[in-house]
1. Taking region 290-305 on its own, how many of its residues are part of a helix (DSSP H, G or I) and without any contact (Cβ under 8 Å) to a residue 12 or more places away in the chain?
2. What about VAL270, is it assigned by TED's automatic domain parsing to the domain that holds GLN40, touching a residue at least 60 places away in the same chain (Cβ under 8 Å), closer than 15 Å to GLY102 by Cβ and in contact with a strand residue (DSSP E or B) (Cβ under 7 Å, 6 or more places away or on another chain)?
3. One residue is enough: does region 242-262 have a residue meeting the conditions over 23 Å from the mean Cα position of the chain (by Cα), modelled with pLDDT of 95 or more and farther than 23 Å from ASP80 by Cβ?
4. Can you work out which of the residues in region 15-61 that are over 27 Å from GLU101 (Cα atoms) and touching a Ser or Thr at 6+ places or on another chain (Cβ under 7 Å) is surrounded by the most Cβ atoms within 10 Å (Cβ to Cβ)?
5. Inspect region 58-72 for any residue being in contact with a strand residue (DSSP E or B) (Cβ under 9 Å, 6 or more places away or on another chain), assigned to a strand (DSSP E or B) and either over 22 Å from TYR301 (Cα atoms) or not assigned by TED's automatic domain parsing to the domain that holds ASP136 (or both) and give the result as yes or no.
6. Which number in (1) under 20 Å from ARG23 (Cα atoms); (2) part of a helix (DSSP H, G or I) marks the one condition that TYR243 misses?
7. Out of THR78, THR104, THR99, THR95, which single residue is under 17 Å from VAL28 (Cα atoms) and either without any contact (Cβ under 8 Å) to a residue 40 or more places away in the chain or not assigned by TED's automatic domain parsing to the domain that holds VAL257 (or both)?
8. Read through the list (1) over 24 Å from the mean Cα position of the chain (by Cα); (2) within 21 Å of LYS143 (Cβ to Cβ); (3) not basic (Lys, Arg), then give the number of the only condition that THR185 fails.
Amino acid sequence: MVYDVIIAGAGPAGLTAAIYASRAELKVLLIEKNYISGGQIINTYEIDNYPGLPGFNGMDLADKMSAHADKYEPDRVTADIVSLELDGEIKKVVTDGETYEGRTVILASGNSPRKLGVSGEQELAGMGVSYCATCDGAFFKNKTVAVVGGGDVAVEDAIFLARGCTKVYIIHRRDELRAAKTLRTALFACENVEPVWNSVVDAISGKDMVESITVRNIKEGSSNELKVDGIFIAVGNTPNSSYLNDTHLKLDDKGYVLAGEDCVTNIPGVYAAGDLRSKALRQVVTAVADGANAVYSAEKYLAGA
């Protein structure tokens, strides 16, 4: 079978694309590597800036988006994409189980949390080292934890953890947070949160679980040890684009796919949507907009426009 549209990824962009493409009566295949759809929003405790749904839980929003897509009965497969053959009229998507063919492909594989790359991080992953406060925060009730980062996600994580933890350090390499003003205000209202400014984590230590972290002040050059039971890392993301390495797709210097607001890439019939696309703002609202725009562009391509 040759699909009209193959969608790689089932986060907000991919699910929206599946909805729009199915409603356009296109034959759709949605490929997702995880058994739970929704992308990174499933790790978000509260989404407060999605229009019409203030304070909505990320997992609940993902469930509703996935159910909406299922209403139109696109074909769905859980698999890892190994490689792509995008040149030519019929595109091939090779997974770890099967090869699928489509006239167009929408790439919506998103991005993943960036790692610190320090000693102990890999060894203690899942044993006190976490990249998802909403996933793992409950394990640290009445304990001391650290959050690394200064953006919206890091501050949201610190606020969430402060509700159940005895103490929360937020470690940032600058002397001012980059997060939105409303989030900063909420953070500094938490009495059990302590900022650690101008600092980076050099090492994570522990035998079977995280026991401490080594923190270095980058202005003074001094280091000290903080006793913590867990560390939550929120220092940005990297695109899930390694499977694109052998294609002729143009990427930016960080590995995001170059495509405009119409989601059109340099290869005819191939589109990039959501957090995988090179753009200024990566939010749920921009991801769903990309999903719709990608399908609109694919429809024009399929119609020969």
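The values are calculated or read from the model by the stated rules, or taken from the named source; none is laboratory data. Since the model is a prediction, treat every value here as computed from it, not as a measurement. FYI the Cβ positions are ideal-geometry reconstructions off the backbone, even for glycines, and counts take in every protein chain you see.
1. 1
2. Considered against the rule, which asks whether it is assigned by TED's automatic domain parsing to the domain that holds GLN40, touching a residue at least 60 places away in the same chain (Cβ under 8 Å), closer than 15 Å to GLY102 by Cβ and in contact with a strand residue (DSSP E or B) (Cβ under 7 Å, 6 or more places away or on another chain), VAL270 comes out as yes.
3. Within region 242-262 (the criterion being over 23 Å from the mean Cα position of the chain (by Cα), modelled with pLDDT of 95 or more and farther than 23 Å from ASP80 by Cβ), the answer is no, since none of the residues qualifies.
4. It comes out as THR44.
5. No.
6. (1)
7. Of THR78, THR104, THR99, THR95, the one residue that is under 17 Å from VAL28 (Cα atoms) and either without any contact (Cβ under 8 Å) to a residue 40 or more places away in the chain or not assigned by TED's automatic domain parsing to the domain that holds VAL257 (or both) is THR99.
8. (2)
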